[in-house]
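Peer 1: Handing you a structure now.
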Amino acid sequence: MHKAGLRVVMDVVYNHTGGPNDQSVFNRIEPNYFYRQNANRTYSNASACGNETASERPMVRQFMLESMLYWAKEYHIDGFRVDLMGIHDIATMNKISAALHEIDPQFFIYGEGWTAGSSTLPDSLRALKVNTFKLDRIAAFSDDMRDGLKGSVFEHTDRGFVSNKPGLEETIQFGIVAATQHPDVDLTRINYSKTPWASEPYRCINYDSCHDNHTLWDKLAISCPDDNTAMRMRMQKLAGAIVLTSQGVPFLHAGVEMCRTKKGVENSFESPDSINAIDWNRLTEFEAVNNYFKGLIALRKHHPAFRMTSAEMIRQHLSFLPVGGKSNFIAYRLHHNANGDAASSIIVLLNGSRENIDYQLPPGTWTVVADQYQVNEKGLRSMRGASVRVPGVSAMVLVEEGL
């Protein structure tokens, strides 16, 4: 993998163990030490799997630390995705991070900043999303952006910005600035978070789907049953465009670029390959979507303005533009050669509504590099300070060259 220029992240699940609790290896080593317990001696169950490990206890912490160091040193793993990271205590996560970054300063650690149930460990001590600023070089998933884009994962028929649910513009803008403090974002109107939880953009993982819950394609099919395949493809592309033009770290579920389906199965951990395997025939069936994602990835790679390195840089170089009260429509500008970009300005227009919207561009010569159909960083067409039409359920990205 390294020879191919790829780094490898490993998913680690330290928050619980399986099987009957009285038969666990940990309990046979030292009964009741490795797990948190309630006052009545029952097992605390923030994992929703029957128990939760007590990472704050020295030997649990040591087990996590030594095993992660082994994976990093022996197998040359480059990062860890920590399952239900919100169960683990902050001190343990920081000790692990410090040790791993000694091995590789570029080591990448991120996790789920939540739990699946209540824990006996106080919230202030746990590696929750809201406590990300207390963590040492560790990022967290943004469920704000995830559910803002497609609707709540807990309400299957709920819709999001790309499926024309109104009132989520501020939530998407919060994701666009990578959950950092920004003067143009009204925090009172965010779906979940009411404070900026990422001190720097690298701490925010923006995504619309992962191995948990429905795939994006299945979620859109369930929540928008009257829409045809062509419309769902447009929503799929718009979600990808938002994730891949936002600040922070973009995360793509394998197969999202070919409209991956698990045939409507949500929690597929016990499902066979017929549900979980990637159907490579969809690469041909949804070639247009795949090419769109490839274009978005190339655009992001070649424009550092989409990858600003500090919250202060985002505040200086990203401004949301007025949209005249239009619902489900967002416009913003990356200006003054953000992060050393060759483009003096980039405008991103996001239309989650079903209506075509005409938007007046600022003065200047603008090159369209992405529209509803394709992405081409070399340019699709140019215009000068004109009104541009953004079709419903689509994104448009325009670049102004020069210093």
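Peer 1: Using the alpha-carbon centroid of each, what span in Å lies between the stretch 363-399 and the stretch 56-109?
Peer 2: Each part reduced to its Cα centre gives a spacing of 44 Å.
Peer 1: A follow-up question, please. Filter the chymotrypsin sites (Phe, Trp or Tyr not before Pro) in the stretch 191-278 down to the DSSP loop ones having no more than 16 other Cβ atoms within 10 Å, then list what survives.
Peer 2: When the chymotrypsin sites (Phe, Trp or Tyr not before Pro) of the stretch 191-278 are filtered for loop state and at most 16 Cβ neighbours within 10 Å, 269 remain.
Peer 1: For the chain, modelled as a Gaussian network with Cα springs under 10 Å, which listed residue fluctuates most, 319, 67, 327?
Peer 2: Result: 67 has the largest fluctuation of those listed.
Peer 1: Charges at C-beta only: +1 for Lys and Arg, -1 for Asp and Glu. How large is the resulting dipole of the stretch 9-305 about its Cα centre, in Debye rounded to 20?
Peer 2: That gives a dipole near 240 debye.
Peer 1: GNM, the chain, Cα, under 10 Å: largest mean-square fluctuation among 128, 318, 252?
Peer 2: Sorting by GNM fluctuation, first place goes to 252.
Peer 1: Considering amide H positions built from the backbone, and no H for Pro or chain starts, which residues 5 or more places from residue 394, or on another chain, come under 5 Å of its amide H?
Peer 2: 351
Peer 1: While we're here: With 10 angstrom as the radius, rank 87, 138 by how many other C-beta atoms surround their C-beta, starting from the fewest.
Peer 2: So the residues, fewest neighbours to most, are 138, 87.
Peer 1: Could you check the spin-label model distance between residue 316 and residue 154? Points 7 Å from the Cα along Cα→Cβ, value in nm.
Peer 2: Using points 7 Å along Cα→Cβ, the separation is 4.0 nm.
Peer 1: Let me check I've understood the local charge: for residue 324, count other residues with C-beta under 14 angstrom from its C-beta, Lys and Arg +1, Asp and Glu -1. What total comes out?
Peer 2: -2
Peer 1: Follow-up question, since we're still on this one. For the stretch 181-195 and the stretch 218-256, write down the distance between their C-alpha centroids in whole Å.
Peer 2: With the stretch 181-195 and the stretch 218-256 each reduced to a Cα centre, they are spaced 23 Å.
Peer 1: For q = 0.07, 0.10, 0.12 Å⁻¹, what log10 I(q)/I(0) does the chain give under the Debye formula with an equal point scatterer on each alpha carbon and no solvent?
Peer 2: Scattering profile of the chain, log10 relative to I(0): -0.35, -0.70, -0.99.
Peer 1: Could you give the dipole magnitude of the stretch 318-401 about its Cα centre, charging the beta-carbon of Lys and Arg +1 and that of Asp and Glu -1, in debye to the nearest 20?
Peer 2: Roughly 180 debye for the stretch 318-401.
Peer 1: I need two numbers for the stretch 142-227: Rg to one decimal and Dmax as a whole number, Cα atoms only, in Å.
Peer 2: 12.9, 41
Peer 1: What net charge is computed for the residues neighbouring residue 198, neighbours being all others with C-beta under 11 Å from the C-beta of residue 198, Lys and Arg scored +1, Asp and Glu -1?
Peer 2: Result for the local shell: 0.
Peer 1: Please determine, in degrees from 0 to 90 and to the nearest 10, the orientation of helix 58-75 with respect to the longest principal axis defined by the Cα atoms of the chain, where the helix direction is its Cα long axis.
Peer 2: Approximately 60 degrees, to the nearest 10.
Peer 1: Using only the alpha-carbon atoms, how far is helix 229-245 inclined from the longest principal axis of the chain? Give it as 0 to 90 degrees, nearest 10.
Peer 2: Relative to the chain, helix 229-245 is tipped by roughly 80 degrees.
Peer 1: Also, I was wondering about something else. Amide H to amide H, which residues 5 or more places from residue 109 or on other chains are under 5 Å from it, using H placed in the peptide plane?
Peer 2: For residue 109, whose amide H was placed from the backbone, the distant partners under 5 Å are 80, 139.
Peer 1: Gain in length, residue 98 to residue 294, computed as 0.36 nm per residue apart minus the alpha-carbon separation, to one decimal in nm?
Peer 2: Stretched out fully, the residue 98 to residue 294 stretch lengthens by 67.1 nm.
Peer 1: Straight-line reach from residue 262: which lysines have a Cα under 16 Å away, not including same-chain ones fewer than 8 places off?
Peer 2: Leaving aside lysines fewer than 8 places away in the same chain, those within reach of residue 262 are 219.
Peer 1: Something else: What ranking of 75, 373 emerges when the number of other C-beta atoms within 10 Å of each C-beta is taken as an exposure proxy, fewest first?
Peer 2: The most exposed by this proxy come first: 75, 373.
Peer 1: Ok, one more. Grab the other residues whose beta carbon is less than 14 angstrom from that of residue 11, score K and R as +1, D and E as -1, and report the net.
Peer 2: Once all neighbours under 14 Å are counted, the net charge is -3.
Peer 1: From the helices alone, meaning DSSP H stretches of at least four residues, give me the mean residue ellipticity at 222 nm for the chain, per-run term -39500 (n - 2.57), in deg cm²/dmol to the nearest 500.
Peer 2: Computed mean residue ellipticity for the chain: -8000 deg cm²/dmol.
Peer 1: Sticking with this one: Report the relative contact order of the chain, percent, no decimals, based on alpha-carbon pairs under 8 angstrom and at least 6 residues apart.
Peer 2: The value is 11 percent.
Peer 1: If the cut-off is 26 Å between C-alpha atoms, which lysines fall inside it for residue 301, apart from same-chain ones fewer than 8 positions away?
Peer 2: Candidates past the 8-residue exclusion: 3, 150, 237, 378.
Peer 1: Cα to Cα, under 15 Å, and not fewer than 8 places away if on the same chain: which aspartates and glutamates meet these conditions relative to residue 263?
Peer 2: Candidates past the 8-residue exclusion: 212, 218, 273, 279.
Peer 1: Quick one: among 116, 221, 305, which has the greatest mean-square fluctuation in a GNM of the chain with alpha-carbon springs under 10 angstrom?
Peer 2: 116
Peer 1: As a footprinting exposure proxy, order 399, 12 by other Cβ within 10 Å, with the fewest listed first.
Peer 2: Ascending Cβ contact count within 10 Å gives the list 12, 399.
We did not get these values from a lab; they are worked out from the coordinates using the rules stated. Since the model is a prediction, treat every value here as computed from it, not as a measurement. Using ideal geometry, Cβ is built from the backbone for each residue, glycine included, and neighbour counts are taken over all protein chains shown.
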